[in-house]
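The values are calculated or read from the model by the stated rules, or taken from the named source; none is laboratory data. Only a predicted model underlies this, so the values are computations on that prediction, with no experimental measurement involved. Please note: Cβ atoms are built from the backbone with ideal geometry, for glycine as well, and neighbour counts cover all protein chains shown.
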Amino acid sequence: MALPQTEDEMQAFLTGALTKAFAPLGFTRVALDPRGDAWDSLLHKGTLGTQYMRPFVWQRDDGMGYTCDIWLEIRDMRVEQVIRRFTPNEANRPTATLKFSSFVSESDLRVDSPSGLKTFVTKAHELFAELVSKAADMAQLDALVNGEREEVDFLLMLQSYAPFVIAYLGRNPRFDDMVIRGDKRISSDPDNPVSDLLRIAVYLRTRVNVE
């Protein structure tokens, strides 16, 4: 048995293998992503939100198989209700995106045989089974998203203020410093001297109890 010859065929093949592996965790195969765009993928719906698994496949330049990756997009209602309140334009963005490629070596992304695909899926299952469990706990999700940094990754901040909400709900002791540093990087608006980030921080501090 050989691997499929095209990226589209390989992605469908990979998604089928992931569907079988992740069914015990409650994931089902879907044809549309959370935004309604076509993407052969997996989805799990829980009481706190959804976890969406998006596979990626690229043919290798050397012609020896494929490079594969998986992105796990977390949608947490506790975070997103705050985002919708202050920055509704960000409401369609995931709370957090955890990439398989961020946790493994480059060689682990290479799939050049059926046995290589089996190994890839096994490693993905081991990793994401743990990450899905951790993502349900806000302190552990904060550790995954923000780590030990005193400043939110600027690219993440450009996409959404979710990392700050995660930090607060996860009781990150660096939350106030993260907000101060983040606010300094936001372009000032004469019509709105108080940034959305500061509004979110005040709301969290005064209206959301995490004790």
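When we screen ILE166, ILE186, ILE180 for residues that are touching a strand residue (DSSP E or B) at 6+ places or on another chain (Cβ under 9 Å) and of a type in the set (A, V, I, L, M, F, W, C), the only hit is ILE166. Anything in the range 149-196 that is among the β-branched types (Val, Ile, Thr) and either free of Cβ contacts under 8 Å to residues at least 12 places away in the same chain or surrounded by fewer than 16 Cβ atoms within 10 Å (Cβ to Cβ) (or both)? List them, or say none. Selection gives ILE180, ILE186, VAL194.
Conditions (1) surrounded by fewer than 16 Cβ atoms within 10 Å (Cβ to Cβ); (2) in a helix (DSSP H, G or I); (3) outside the structural domain of GLU130 (by TED's automatic domain parsing), marked per residue:
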site: ALA17; (1), (2), (3): no, yes, no
site: LYS20; (1), (2), (3): yes, yes, no
site: HIS44; (1), (2), (3): no, no, no
site: GLY63; (1), (2), (3): yes, no, no
site: THR67; (1), (2), (3): no, no, no
site: LEU72; (1), (2), (3): no, no, no
site: ARG75; (1), (2), (3): no, no, no
site: VAL82; (1), (2), (3): no, yes, no
site: VAL104; (1), (2), (3): yes, no, no
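Among the residues that make up the range 108-115, is at least one of them surrounded by fewer than 19 Cβ atoms within 10 Å (Cβ to Cβ), of a type outside the set (Lys, Arg) and more than 22 Å from ALA2 (Cα to Cα)? No, the range 108-115 contains no residue that is surrounded by fewer than 19 Cβ atoms within 10 Å (Cβ to Cβ), of a type outside the set (Lys, Arg) and more than 22 Å from ALA2 (Cα to Cα).
If the condition is being modelled with pLDDT of 95 or more and within 23 Å of the chain's Cα centre (by Cα), then the range 183-211 contributes LEU197, ILE200, ALA201, LEU204.
Regarding the range 39-49, can at least one residue be identified that is closer than 12 Å to ARG110 by Cα and at pLDDT below 95? No, because not a single residue in the range 39-49 is closer than 12 Å to ARG110 by Cα and at pLDDT below 95. Confirm whether ASP40 is among the charged types (D, E, K, R), surrounded by 17 or more Cβ atoms within 10 Å (Cβ to Cβ) and within 29 Å of PHE175 (Cβ to Cβ). So ASP40 does not fit the description; no.
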